[in-house]
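Trainee: Attaching a single structure in C-alpha cells format; questions to follow.
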Amino acid sequence: MCRHLAYLGVPVALSDLLFEAPHALVRQSWAPRDMRGGGTINADGFGVGWYPDHGAAPVRYRSAAPMWTDAALPALAAHTSAGCLLAAVRSATVGMPVVETAAAPFAEGDWLFSHNGVVAGWPDSLAALAGRLPVRDLVTLDAPTDAALLWALTRHRLRAGATPAEAVAATVAEVSAAAPGSRLNLLLTDGRQIAASAAGHALSVRADAASVLVSSEPIDPGPAWRAVPDGHLLVATPSTLDITALGRS
C-alpha cells in the first residue's frame with residue numbers, strides 16, 4: 001500500500017529522512033509496520049522530489065527498483081539538502097505496471113503529489129470521473145494506475161484555482177463516493193505548504209517551531225509524533241499545523 005513522507009522547514013540532508021533515521025523511508029520499504037489491504041513490503045519502485053532553491057521547480061529522482069537496491073541514492077541524498085521534499089516507496093496493486101513513471105512523486109510546475117492506498121473497483125469505479133477530465137490529461141498520464149489518475153483529478157482542481165486543501169479534500173470526497181472502500185491518503189506540496197489526507201490508512205505528523213514532517217509511519221521513536229485521525233485533512237507550513245475533519249476544511 002506504499003509509504004510516503006513530506007518535510008518542510010529548515011534545510012536538512014535528504015539522507016536524514018531517507019536513510020539515517022531509525023525507521024527512515026528505506027526501512028519502511030522493506031520493514032513497514034502498518035500495511036493495510038494487502039502487501040508486505042514496498043519493493044515496486046520509489047521516488048524523491050525536492051526543491052533545490054526558493055522559487056525553483058522541484059527535482060525528481062524515480063526508479064522502478066526497490067529503494068534499498070539503488071547504489072547511487074545514498075551518496076546523492078547525503079550530499080543534497082533541501083527545505084522541502086516529498087518521497088515515497090511503492091507497493092504496486094496487482095495488475096498495475098511496475099515502471100519508473102508509476103512511482104510517486106507525480107509532478108507539475110511547483111507541485112509534488114503522492115498516494116498511499118488503493119482505489120476500490122479500479123478502473124471501472126472511476127471511469128465516469130476520468131471522463132470529465134480533458135482528453136489530453138488522460139492520454140498523458142504518467143502510468144495507467146489509480147495513483148496517476150488521482151493526481152490528474154487533484155491537478156485539475158489546482159489548475160482551476162483550488163487551494164491545496166480544497167483540491168485534496170474534494171478529490172477524496174469525490175473518489176470515496178464513486179469507489180466506496182478506497183484508501184485515499186493523498187500527499188501534496190508546492191514547497192511552501194503541505195496538504196495531506198488520512199483516509200483509510202495511517203498518517204503521523206511531527207512539528208516544531210521551524211519544521212514539519214508528515215509520514216505514513218514515524219521515522220523515529222521521539223515523543224513529538226502525533227497520529228492524524230482517520231477521516232481528517234492536514235495542512236501545514238513550517239510554523240503552522242491545522243488538522244480538520246475532511247469535508248470541513
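Trainee: Are any residues in region 127-148 touching a residue at least 24 places away in the same chain (Cβ under 8 Å) and under 20 Å from the mean Cα position of the chain (by Cα), and if so, which ones?
Mentor: Across region 127-148, the qualifying residues are Asp142, Ala143, Pro144, Thr145, Asp146, Ala147, Ala148.
Trainee: Go over the candidates Thr140, Thr171, Thr145 one by one and state the one that is of a type in the set (S, T, N, Q) and in contact with a strand residue (DSSP E or B) (Cβ under 8 Å, 6 or more places away or on another chain).
Mentor: Only one candidate passes the filter, namely Thr171.
Trainee: Considering only region 94-101, I want to know if a residue exists there that is touching a residue at least 60 places away in the same chain (Cβ under 8 Å) and within 14 Å of Ala43 (Cα to Cα).
Mentor: Within region 94-101, not a single residue is touching a residue at least 60 places away in the same chain (Cβ under 8 Å) and within 14 Å of Ala43 (Cα to Cα).
Trainee: Condition check: touching a residue at least 40 places away in the same chain (Cβ under 8 Å), touching a helix residue (DSSP H, G or I) at 6+ places or on another chain (Cβ under 8 Å) and not acidic (Asp, Glu). Does Ala179 satisfy that?
Mentor: Judged against the criteria, Ala179 is a match.
Trainee: Any residue that is at pLDDT 95 or above and of a type in the set (D, E, K, R) - is there at least one of those in region 176-184?
Mentor: Yes - at least one qualifying residue is present in region 176-184.
Trainee: Can you tell me which residue within region 163-222, out of those that are part of a strand (DSSP E or B) and touching a Cys at 6+ places or on another chain (Cβ under 9 Å), is surrounded by the fewest Cβ atoms within 10 Å (Cβ to Cβ)?
Mentor: Applying the filter and picking the extreme gives Asn185.
Trainee: Condition first: of a type outside the set (Val, Ile, Thr), over 17 Å from Asp16 (Cβ atoms) and at pLDDT 95 or above. Now tell me which residues in region 217-239 satisfy that.
Mentor: Pro223, Arg226, Ala227, Pro229, Asp230, Gly231, His232, Leu233, Leu234, Ala236
Trainee: How about region 6-24: which of its residues are in a strand (DSSP E or B) and either more than 18 Å from the chain's Cα centre (by Cα) or over 14 Å from Ser215 (Cβ atoms) (or both)?
Mentor: If the condition is that a residue be in a strand (DSSP E or B) and either more than 18 Å from the chain's Cα centre (by Cα) or over 14 Å from Ser215 (Cβ atoms) (or both), then Val10, Pro11, Val12, Ala13 are the ones that fit.
Trainee: Considering only region 77-97, how many residues are at pLDDT below 95 and of a type in the set (A, V, I, L, M)?
Mentor: Residues flagged as at pLDDT below 95 and of a type in the set (A, V, I, L, M) within region 77-97 amount to 3.
Trainee: Quick check on Ser91: is it surrounded by fewer than 23 Cβ atoms within 10 Å (Cβ to Cβ) and in contact with a helix residue (DSSP H, G or I) (Cβ under 7 Å, 6 or more places away or on another chain)?
Mentor: Taking the combined requirement at face value, the residue does not satisfy it.
Trainee: Here's a follow-up. Hey, can you tell me all the residues within region 1-20 that are touching a residue at least 24 places away in the same chain (Cβ under 8 Å) and surrounded by fewer than 21 Cβ atoms within 10 Å (Cβ to Cβ)?
Mentor: Once the filter is applied, which keeps residues that are touching a residue at least 24 places away in the same chain (Cβ under 8 Å) and surrounded by fewer than 21 Cβ atoms within 10 Å (Cβ to Cβ), region 1-20 yields Gly9, Val10, Pro11, Val12, Ala13, Ser15, Phe19.
Trainee: Name the strands (runs of 3 or more DSSP E) wholly within region 38-108 that hold at least 1 residues that are polar (S, T, N, Q)?
Mentor: Once the strands (runs of 3 or more DSSP E) in region 38-108 are filtered for at least 1 residues that are polar (S, T, N, Q), what remains is 59-63, 81-89.
The values are calculated or read from the model by the stated rules, or taken from the named source; none is laboratory data. Worth saying up front: this structure is predicted, and the values here are computed from it rather than measured. Backbone-built Cβ (ideal geometry, glycine too); neighbour counts: all protein chains shown.
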